[in-house]
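Structure first, commentary second.
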Ligand code: DLL
């Protein structure tokens with residue numbers, strides 16, 4: 001199907017859930033301001049950390065009179081979720097919370113997000129609108145191969161799919177053979193998973209002689225949770241004949257469905273009536289004008305469980321001010337391809353080097369010198385951790401070394417849920433640095 005045919009298919013009829021995407025700008029701004037004021041008041045009244053920071057700045061909720069006044073408000077960061085773990089940022093009583101979701105923290109503990117029923121509906125509204133924008137309709141069968149559970153990918157797309165009435169096949173991640181069998185046998189038309197997992201599915205399918213164009217009914221891929229390039233998109237579309245859509249989101253702000261691309265693929269439309277985007281300079285923290293590249297910051301406008309105000313995502317992007325040809329009035333951000341911190345995304349899982357360090361250092365006889373190597377074998381990310389051990393340990397017999405390797409591997413896996421290859425090395429063999437130490441080599445970027 002050509003892009004033109006696809007565009008026609010998408011524009012008529014516009015899915016009913018998409019109405020706010022086309023709201024006149026003045027009406028959208030008025031709605032955003034109204035919701036922002038309510039969110040700031042709610043956080044001020046219920047979240048001690050937020051109130052303290054506001055008081056320190058001499059700012060009160062009633063000072064937010066226009067959308068520009070958002071610049072008066074303090075930022076929130078991932079460390080706040082760690083420091084206030086697990087319930088400190090909650091703005092509602094526990095009996096209103098109906099679900100927790102988690103994401104990686106920077107150390108051994110995850111971060112926890114509390115969702116009220118309202119928050120689950122807001123989140124679902126974002127994923128429904130993203131799917132509708134991608135052209136998914138009630139006649140589609142969508143295989144959700146994002147992980148279900150604490151990670152928001154699986155449940156997020158699941159609720160979105162059910163919301164727009166398509167048939168959902170909740171395979172979750174893993175068990176590639178069964179995924180391929182069901183995709184073919186059930187006539188799956190859309191798949192939602194990380195782009196790297198889709199490449200893996202293609203590889204495995206092709207090894208078995210599958211021709212995705214002939215043997216499946218796939219037409220749509222719903223890819224996100226990690227950066228992916230235009231080249232990767234072209235490769236996937238070439239092999240399968242699908243249209244690869246980009247969906248963006250993060251647990252702190254709800255999950256997938258904060259933004260997505262339309263048929264013109266010129267950036268991702270943000271569902272701005274729920275999530276207010278800003279771009280700031282990560283060094284000066286000053287807001288940047290539309291069009292300039294910087295750190296993406298979101299304020300949730302109608303979440304009640306744990307509202308996030310000026311949450312620093314660490315993702316680098318820019319707001320694209322021109323009106324989009326698709327007719328949506330909601331603004332777009334550029335596709336996210338870089339971050340301003342050291343978070344790695346390995347097989348769709350967020351990993352901070354500090355989490356690996358926390359695992360390593362829980363084991364005696366390991367020295368605090370390590371180096372992380374991330375690479376890609378075929379289409380799957382690999383993780384190797386090189387660790388220095390004491391001279392005595394290194395001289396031990398092979399069985400003790402094997403045992404140590406296994407214990408280190410398990411300690412790391414308990415924290416990041418990824419099986420890493422552990423390589424033990426002699427003391428003083430890993431590079432030292434006189435300035436900022438570089439602990440990660442990411443060979444995927446070559
Ligand atoms: O990855 C939510 C999600 C699930 C999005 C499924 C899309 C699809 P977290 O685990 O909290 O949430 O990770 C959020 O992943 O700050 C980005 O760095 C990265 N990310 C998410 N979507 C994209 C994307 C989910 N489309 C972090 N392109 C974010 C690039 C993405 N990076």
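What follows is calculated from the coordinates using simple rules that are stated; it is not laboratory data. None of these values were measured; they are calculated from a predicted model. Every residue, glycine as well, gets a Cβ built from its backbone with ideal geometry; the counts of neighbours run over all protein chains shown.
Average projected area of the Cα convex hull of segment 45-101, in nm²?
Dividing the Cα hull surface by four gives the mean projection, 4.9 nm².
At what distance in nm do the modelled label points of residue 423 and residue 175 sit from each other, each positioned 7 Å from its Cα along Cα→Cβ?
Taking the simple label geometry, residue 423 and residue 175 are separated by 3.5 nm.
In percent, what relative contact order does segment 343-445 have, based on Cα pairs under 8 Å that are 6 or more apart in sequence?
Over segment 343-445, the number comes to 33 percent.
Which of 65, 109, 41 moves the most in a Gaussian network model of the chain with Cα springs under 10 Å?
Looking only at 65, 109, 41, the largest GNM fluctuation is found for 65.
By how many nm would the segment from residue 22 to residue 365 grow when fully extended, if each residue of separation counts as 0.36 nm and the alpha-carbon distance is taken off?
117.4 nm is the gain from fully extending residue 22 to residue 365.
Evaluated at 25 °C with a viscosity of 0.890 mPa s, what Stokes-Einstein diffusion coefficient in µm²/s does segment 343-445 have when Rh comes from the Kirkwood expression over alpha-carbon pairs?
In µm²/s, the coefficient is 174.
For the chain, state what percent of all Cα-Cα pairs lands in each successive 10 Å bin, counting from 0 Å until the bin that includes the largest distance.
Bin by bin from 0 Å, the calculated values are 4, 20, 29, 25, 15, 6, 1, 0.
Calculate the FRET efficiency for residue 29 and residue 150 from the Cβ-Cβ distance with a Förster distance of 56 Å, rounded to the nearest 0.05.
Computed FRET efficiency for residue 29 and residue 150 comes out at 0.95.
Could you work out the Rg to Rh ratio of segment 85-179, with Rh taken as the Kirkwood radius (inverse of the mean 1/r over all Cα pairs)?
Radius of gyration over Kirkwood radius for segment 85-179 works out to 1.03.
Between residue 438 and residue 41, what is the label-to-label distance in nm when each label sits 7 Å out along the Cα-to-Cβ direction?
5.3 nm
Counting pairs of alpha carbon atoms under 8 Å apart in space and at least six apart in sequence, what relative contact order in percent does the chain give?
After rounding, I find 14 percent.
For segment 334-348, list residues with backbone N below 11 Å from a point placed 7 Å from the Cα of residue 354 toward its Cβ?
So the set is 342-343.
Along the Cα-to-Cβ line of residue 186, 7 Å from the Cα, sits a label point; which residues in segment 234-272 have backbone N less than 13 Å from it?
none
Compute the FRET efficiency between residue 397 and residue 68 as 1/(1 + (r/R0)^6), taking r as their Cβ-Cβ distance and R0 = 51 Å, and round to the nearest 0.05.
0.15
Take the chain, connect every pair of alpha-carbon atoms lying under 10 Å apart with a spring to form a Gaussian network, then pick out the residue of 371, 34, 428 with the largest mean-square fluctuation.
428
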